Each structure stands twice: as C-alpha cells, then as structure tokens.
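Asker: Just dropping this structure here.
The values are calculated or read from the model by the stated rules, or taken from the named source; none is laboratory data. Being a predicted model, the structure only gives us computed values, none of them experimental. Neighbour counts are summed over all protein chains in view; Cβ atoms, including those assigned to glycine, are modelled from backbone coordinates with ideal geometry.
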Amino acid sequence: MKRKPQTVTIETPEHIEIQFQIAGIGTRLLAYLVDRLFQLGCVLSLIFVFSAIVFAVRQTTAIVDFAEGLWHSLGQWLVALLILCYAVVTIGYFVLFEYFWAGSTPGKRSQHIRVIRKDGRTLTFFDSAVRNLLRFVDILGDVYPLGLVVMFVDIHNRRLGDLAAGTLVVLEQEAEQPELSETLDPSRASDPELRRLVGHMTAAEYQVVRKFLSRRDQLDEEYRRTVANTIVSRLSAAAGAQLPRASKPEAILEHVEILYRERTRIL
Amino acid sequence: MERETTETVYTLVIIGLRDDRARRRVAAALSRVTTQMSADRILERLGKLPWTLTRRATRKRAIRLTRLLESLGARLQVIPPLPEDLALDVGETQIMPSAELLTETQVANATQFIQPPEESYSAESLPERPAMEARPAAVTPASAMPPEPRKMERALSRERETSAPESAPMEPLTIGGILDRTFQIGRAYFWKLAAIVVIPGLIAGAISLAGLLLGSVAGLALSSVLDWPAWVWVVGTIILIPVVVVGIAIFVFLPQAALIHAISEICLGRDFRVTDAFRAVLQKLLPFVLTSLLFMLALFGTMLATGLSGGVLGALYGFTASWVLPRSLVWLAWLPAILLIPVFIAVPLYAWVKWSLFGQALILEDAAYGEALQRSWRLLSGRAGTQWYTSHVTRLGILLLVFAVIQVSVSFLFQGPAVLFTYATPWQMTGKVATHVLSFCGNVVIGVFSATCTVLFYYDLRNRKEGLDLMLLAGENVGPRGE
C-alpha cells in the first residue's frame, strides 16, 4: 500500500541532486502519538514495577513518609522538580532515540519515517537537541497546536523545531513490488489471439494489469471477477482478439502479464 | 566520508525524426515503455522537438533506448555520449515501463525543453560526498546542466511538490497516507472547501441577527412576552417550526452534503465550483436529512437495547448471586455487572462507527435510508491485512481518534486567544463575540478536515474491496477511450 508523498530535492556540494520523499503531516502525527503511547507505557510500567517492589518488601509506609518529608522540605519546588523530570524524560526520549537510531524513534520507525538534516546527512546530537527543545513550543499544552499550523503552512511539513535545526522528516519505505507469477503455461504461450492482444498493449495498460494482479486477493470475490472481466474485455476489444469464452479472465491476465514482459525483453 | 558509487546517468533527447511514419513508430514504441503518457499525447509531443525523454537513464537503459529509437527512425542526442565499445554489452536488460521516462511535470510544463548540457557527468570522478543512509528516490546530475536550466529544474521540483495533491491517483492508502492526503487536500483546496461551510453559516448568522432585531423591536412594542395575544403565539409557532426545520436542513445538512460531493470530486481528479457542489446535492437533501434521523434513531435504539439487556442481565445475575453467595461475599455479585459496563458502551460505539459512512453512500451512490446504513455496514466489514487491528472498523476508529486529538489542537488554537482576550481586556461583550467567531472558525477547520478524511477513507475502502481505482484506470487507460 502506498502513501502519497511529496518530494524534496537536495543538492550535494558535488551538485548531485537527491530526491527524498517528505513525510506527511498525518504520518508524523501518528508517529508522535505512537511515541507518546510508548512513553506512557514505559512510565506506567516503571511505576507499576516500583510499586510492586515497594509493596513486596513492605516498605510502603517508608516511601509515603519519604514523599511527605520531601514535600515539607521542598514545598512548591517539588512540583517544579517533577515538571523538570517530565520534560527531561519527554525531550530526552526523542533526543536520544533520534541520535542513536539515526533520526528514528519507535513511533517514527512504525511509520517508516526518519529525520535527516536538510543537506541529506544524518542528524547530529546538537541538531536533535535543538529540534526537540523547540518541541516545547510546538506542543503547547501537549496538543501540538503551533506545530500543526507551522507544518500546515510549510511546504516541506516542517515544524518550528525542524526549521530551527535545519532538519527534514523523510519517508524511508520503498514501494512494494507485487508478487507475480513467473511461469507461463506452454499451451498458452503460443496462443495467437493472446499474442495479438499483448502486441497491442501499451505500458499504461500493462500497469493496470499488473496492479490488478498484485491486489486481486484483497478484492471482494464479486468485484474481483468484475474487474478482471472488464480489463480483459477492454483489452480484447482494443486488439480485436477473440479469446475463448471458457477461459478465466484472471488466468488470461496472468499470461498477458508474463507475455508482455517477454515482449519488452525482445525490444 | 564515503566515495560516490552511483552509476553514471544519461540524458536522452530526441532531436529529429526521419519522416511521419517514423514518428508514429516511435510514438507506439514509447507508449509501451512509459507509464506517464498515452500514445496520442506522445505522438502530439513528437511534433514539437527537441524532447528530453529522460535525464536519469542508466547506461544499459540508455543504450537500449537509443538502439530501439534509432532503429525506428529517430535521431537522438545522448549526454554524455555513450561509449562505442560498450554499446553491445546490454545482455538481458529489459526496457520495463516506468515513471522514470517522461514525468508528468515534463508533460505538463512548457519549461521542459531544457537545453542539452554541454558537459559530461561521471560519478566516478567525483570527490568525497557525505554519507547518506536514507535511500534516495532518484539521482539526477545537476552539475551536468548550465545554471539557467538548473533554475528551471528547481522550479520543476517545486512544482512537483505543490502539485502532488491534485495529480495523485486513487489507490489504497495506509492510515498515515489517508491523513497525509487529508492535509494535502486541505492545503490545496482549503478556501474553497471552507466556503462551502462558511457561506450557509454566514447566512444563518445574518438571519439569526435579523430575528433578534425583530424580536427586540417586538419586545419594545409589547410590554412583556406574556402580554402577547394568543394569535401571535399561534402564528409564531406555525411559522417558526417549519422555519427551524428548513433552517437546520439548509444550514446544517446542506454544507455537509456539499462537502462530501466536493471532496469526492477532488478525489476523482476533477475540479469543482462551490455553487456546483450545492446544486449537485440539493435533490439529495431531503433523503440525507431523513437518513440522518434514521441513523440517530438506529443508534438510540442500539443504545437502549444494549443498555436494557445489560441492565436486566446484570440485575438478574446480581440477585441470583446474592442468594447463592455468603453474606460477606455479596459485593462480588455486582462485580460482573460493573465489568460488563464497557461492553455495553462498546456495542453502540461499534454500531456508530459501522454506520458512519452512510452520508458518503447516500451522496455518492444514491443509496438512501436503510440501504445507506446497510451499505456503510457492508463497506466497513473485513480487514485490510491479516492482523486484527487492520480491520476496517479499527482503522476508522483510529482515524476518528486521531481527529479527536486534532480537534483538541484546533480548539486550543482558536479558543485560547479568545479566552485570553476575554480575561485580559475589560470588553466582556467583545470577548464573547470573539469567542463565538473563533469557535465558528475552529468548527469550519475541523469540519473541512474531518469530511475530507472520511471521504478519503470511503474511497480507500472502495479501492481495497471493490477495485474502484482499477476500474477507473481501466476505463481511462485500457482499450477504447470514453467508455
């Protein structure tokens, strides 16, 4: 399945242009939500494990006393300290993952995207730190209002952090190649009507056949037959080929696909 | 730093054709090896030479193409020139159809006729270059072009970036892909789509204002509402009820229906006008309103049925268990009833998601009332993959959840300044008006994006399950045209 990427062309110092597919706002948003879920999961797991240990060693009272003591001695500063810890964990998560995973985080990896510098190089620690420190501004109130607007306005879907650090978020996923049959029924290979049909085929028609064959298993049975029938009848009409009615349209398309490839080999 | 290992790429330019027969033969051959243009368009294009076929052909591909096209009567310029001794070393290479040749930008833009570069390009002779771990989509020799054409190239790159949403064909998308495309369409057509929501909203606002003014005048004329004579009440009620019903139909349902129609036009690659969007759905307005009522009734019925059955089941279980269990464990009898509560919330929620595409079914397929609800239910059955979370209901649920997050963001963005303004300034009335205006703006933004997302999801389902995109492609590219 494909995404609909935009592209950006990066020119290296050697004047070589390299095209990258820019990650869309939706994909980035999903990656962020996955990361937040991951963070939440990790924090809750840590709290659960810590509580379980405290409960197991019967030190609950001691911990409560310690927390109360801390509150009495630090007062409001404790709240500030907790906010700071939260910020360090949140930002540190992104900085460290992006630095050690070459611009990726678990969320980004799940969506097949990663951060690069705008000259195409891998992110440095400084770049990662700058883009993630500005995340605080982008995610005002933890709901990403400013980041969303800036990404929407910017043609390369960059948020403030990206603009400050000179980074881009790009897609890594390569287009999937459909699995197609490589064998051809020998009795079919010499069928003159089939050869005539293939002889009239254009590349655009071949692409339709190829797309159908690679996606037919996902189609509902009724529509699968209809689409196959339509393609075969249109191809036959264009070529004036008389294909036997008993033949299954899908089988014809499989042979057409292979024969077309054979024909381009001859070219 | 790593050394460049990229293979040399070649630019192929058709600079001449032997005669008209050669033109036809070359067009026929090219139509078989490109996915970007039809034979007719290629034939037309061959009438205006020179034509840069590609700027990124590999050596083998360049040799193959050159040999093929020259044998058919075309004169080609290859940059850098192909080495003579390698010309035959092409083995089993095929010229497979690809998007590499004749990109859509080249077809669409008149600035494509770039002067053939004078210098040759060889990657082997390059100095060190930075390491790039992300796989590039394509490599083009920019150094091989003089400065002016390079500017043109950048202009073309920019055009590719901006024109992506309009030219993107329909095909199955991932959840991220649907969201990306939602934002792309939003970016490209925001003002037109927003106008569909804003125009009826403004008219409704103007009518409400006029009503308020009239009411004020009436209030001034009569000492108290209670003093109004009975005939005023009767006439008022008779006029008001149909006005309210028609008002809701026009100002709430009409923009929704028009949005669905307009976004569908965008998805199908057609342009639309705001007035046409309204005109197209006018006849479907009454079925749309009635089907929406049916949807709400069905949902209410589901909630009632699950709630009642859950309550009865829970109570029965609770009473039975309280007789069986000892007195100290009676509280346990109510535990399953409490645990069942999420189930009874989940059932109406599930029904809501399954019926939520009734509007698309009605506007785009003319399936009204129960048929529209059934169609939505059927469309949302099945899975996009093998895992449970790829079921269509879950995918739509995730999309709706993401949109809930976006809604919070947008509300924060629009309501935040209004709240600040209200509390930071002494003008309370102005603050209230600002809150209402900004809230309306926020609703417009959310309305446009959520409608885009659901229409895209609807088409995604039809592409996946019914091969709608394949049928459209077949109609457009396969066999006789215009059928």
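Asker: Here are some residues: B:Gly475, B:Gly479. Which one is outside the structural domain of B:Trp355 (by TED's automatic domain parsing) and in a loop (DSSP other than H, G, I, E, B)? Give the steps one after another, and end with the answer.
Answerer: Values: B:Gly475 fails: in a loop (DSSP other than H, G, I, E, B).
Just a single option satisfies the conditions, and that option is B:Gly479.
Asker: Return the only residue of A:Gly69, A:Gly107, A:Gly147, A:Gly161 being assigned to a helix (DSSP H, G or I) and at the interface with chain B (Cβ under 10 Å from one of its Cβ atoms).
Answerer: Values: A:Gly69 fails: at the interface with chain B (Cβ under 10 Å from one of its Cβ atoms); A:Gly107 fails: at the interface with chain B (Cβ under 10 Å from one of its Cβ atoms); A:Gly161 fails: at the interface with chain B (Cβ under 10 Å from one of its Cβ atoms).
Of A:Gly69, A:Gly107, A:Gly147, A:Gly161, the one residue that is assigned to a helix (DSSP H, G or I) and at the interface with chain B (Cβ under 10 Å from one of its Cβ atoms) is A:Gly147.
Asker: Here is a check on your reading of the model: is A:Val95 crowded, with 20+ Cβ neighbours inside 10 Å, more than 13 Å from chain B (Cβ to nearest Cβ) and hydrophobic (A, V, I, L, M, F, W, C)? Break it down stepwise before answering.
Answerer: Numbers: crowded, with 20+ Cβ neighbours inside 10 Å: yes; more than 13 Å from chain B (Cβ to nearest Cβ): yes; hydrophobic (A, V, I, L, M, F, W, C): yes.
Taking the combined requirement at face value, the residue satisfies it.
Asker: Just to be sure before I move on: is A:Tyr86 within 30 Å of B:Cys453 (Cβ to Cβ), part of a helix (DSSP H, G or I), of a type in the set (Ser, Thr, Tyr) and in the same structural domain as A:Gln111 (by TED's automatic domain parsing) in the structure I sent?
Answerer: Working: within 30 Å of B:Cys453 (Cβ to Cβ): no; part of a helix (DSSP H, G or I): yes; of a type in the set (Ser, Thr, Tyr): yes; in the same structural domain as A:Gln111 (by TED's automatic domain parsing): yes.
Answer is no for this residue.
Asker: Checking the conditions here, which among B:Val408, B:Val437 is exposed (fewer than 15 other Cβ atoms within 10 Å of the Cβ), within 27 Å of B:Phe183 (Cβ to Cβ) and out of contact with any Leu (no Cβ under 9 Å at 6 or more places or on another chain)? Even if it seems obvious, please write down each step before you answer.
Answerer: Working: B:Val408 fails: exposed (fewer than 15 other Cβ atoms within 10 Å of the Cβ).
Of B:Val408, B:Val437, the one residue that is exposed (fewer than 15 other Cβ atoms within 10 Å of the Cβ), within 27 Å of B:Phe183 (Cβ to Cβ) and out of contact with any Leu (no Cβ under 9 Å at 6 or more places or on another chain) is B:Val437.
Asker: Continuing with the same structure: Of a type in the set (Ser, Thr, Tyr), free of Cβ contacts under 8 Å to residues at least 40 places away in the same chain and more than 14 Å from chain A (Cβ to nearest Cβ), is that true of B:Ser411? So that I can check it myself, show each step before the final result.
Answerer: Values: of a type in the set (Ser, Thr, Tyr): yes; free of Cβ contacts under 8 Å to residues at least 40 places away in the same chain: yes; more than 14 Å from chain A (Cβ to nearest Cβ): no.
Considered against the rule, which asks whether it is of a type in the set (Ser, Thr, Tyr), free of Cβ contacts under 8 Å to residues at least 40 places away in the same chain and more than 14 Å from chain A (Cβ to nearest Cβ), B:Ser411 comes out as no.
Asker: Please count how many residues of region B:283-341 are aliphatic (A, V, I, L, M), more than 30 Å from B:Ala368 (Cα to Cα) and exposed (fewer than 11 other Cβ atoms within 10 Å of the Cβ). It would help to see each step written out before you state the result.
Answerer: We begin by selecting, within region B:283-341, every residue aliphatic (A, V, I, L, M); these are B:285-286, B:289-290, B:293-294, B:296-299, B:303-305, B:308, B:312-313, B:315-316, B:321, B:324-325, B:329-330, B:332-333, B:335, B:337-341.
Next, only the ones that are more than 30 Å from B:Ala368 (Cα to Cα) stay: B:312-313, B:315-316, B:321, B:324-325, B:329-330, B:332-333, B:335, B:337-341.
Of the ones still in play, those that are also exposed (fewer than 11 other Cβ atoms within 10 Å of the Cβ) are B:312, B:324, B:338-339.
Looking only at that region, the number is 4.
Asker: Could you tell me whether region A:118-139 includes any residue that is loosely packed, with under 13 Cβ neighbours inside 10 Å and either modelled with pLDDT under 85 or facing chain B (nearest Cβ under 10 Å) (or both)?
Answerer: No: region A:118-139 contains no residue that is loosely packed, with under 13 Cβ neighbours inside 10 Å and either modelled with pLDDT under 85 or facing chain B (nearest Cβ under 10 Å) (or both).
Asker: Still on this structure: Can you tell me which residues in region B:259-274 are within 11 Å of B:Lys192 (Cβ to Cβ) and not acidic (Asp, Glu)? Give the steps one after another, and end with the answer.
Answerer: So in region B:259-274, the residues within 11 Å of B:Lys192 (Cβ to Cβ) come out as B:259, B:262-263, B:265-266, B:271-274.
Hits for region B:259-274 are B:Leu259, B:Ala262, B:Ile263, B:Ile266, B:Phe272, B:Arg273, B:Val274.
Asker: If B:Thr386 passes every condition in (1) farther than 30 Å from A:Asp220 by Cβ; (2) loosely packed, with under 12 Cβ neighbours inside 10 Å but one, which one does it miss?
Answerer: Every condition holds for B:Thr386 apart from (1).
Asker: Step by step: first the residues of region B:163-201, then only those that are modelled with pLDDT under 80 and at the interface with chain A (Cβ under 7 Å from one of its Cβ atoms), then the one that is farthest from B:Gln256 (Cα to Cα). Which residue is that?
Answerer: The initial filter retains those residues of region B:163-201 that are modelled with pLDDT under 80, namely B:163-170.
Those left that are additionally at the interface with chain A (Cβ under 7 Å from one of its Cβ atoms): B:164, B:168.
Values: B:Ala164: 26, B:Ala168: 24 Å.
Result: B:Ala164.
Asker: Related question: Among the residues of region A:24-37, are any surrounded by 11 or more Cβ atoms within 10 Å (Cβ to Cβ), facing another protein chain (nearest Cβ under 9 Å), on the phi > 0 side of the Ramachandran plot and in contact with a helix residue (DSSP H, G or I) (Cβ under 6 Å, 6 or more places away or on another chain)?
Answerer: As a first pass, look at region A:24-37 and keep what is surrounded by 11 or more Cβ atoms within 10 Å (Cβ to Cβ): A:24-37.
Next, from what is left, pick out any that are facing another protein chain (nearest Cβ under 9 Å): A:24-31, A:33.
If we keep only those that are on the phi > 0 side of the Ramachandran plot as well, we get none.
No.
Asker: Is there any pair with a first residue in region B:264-276 that is touching a residue at least 24 places away in the same chain (Cβ under 8 Å) and a second that is among the charged types (D, E, K, R) whose Cβ atoms are under 7 Å apart and which are 6 or more apart or on different chains, and what are they?
Answerer: If the second residue must be among the charged types (D, E, K, R), the pairs left are B:Phe272/B:Glu265; B:Val274/B:Lys192.
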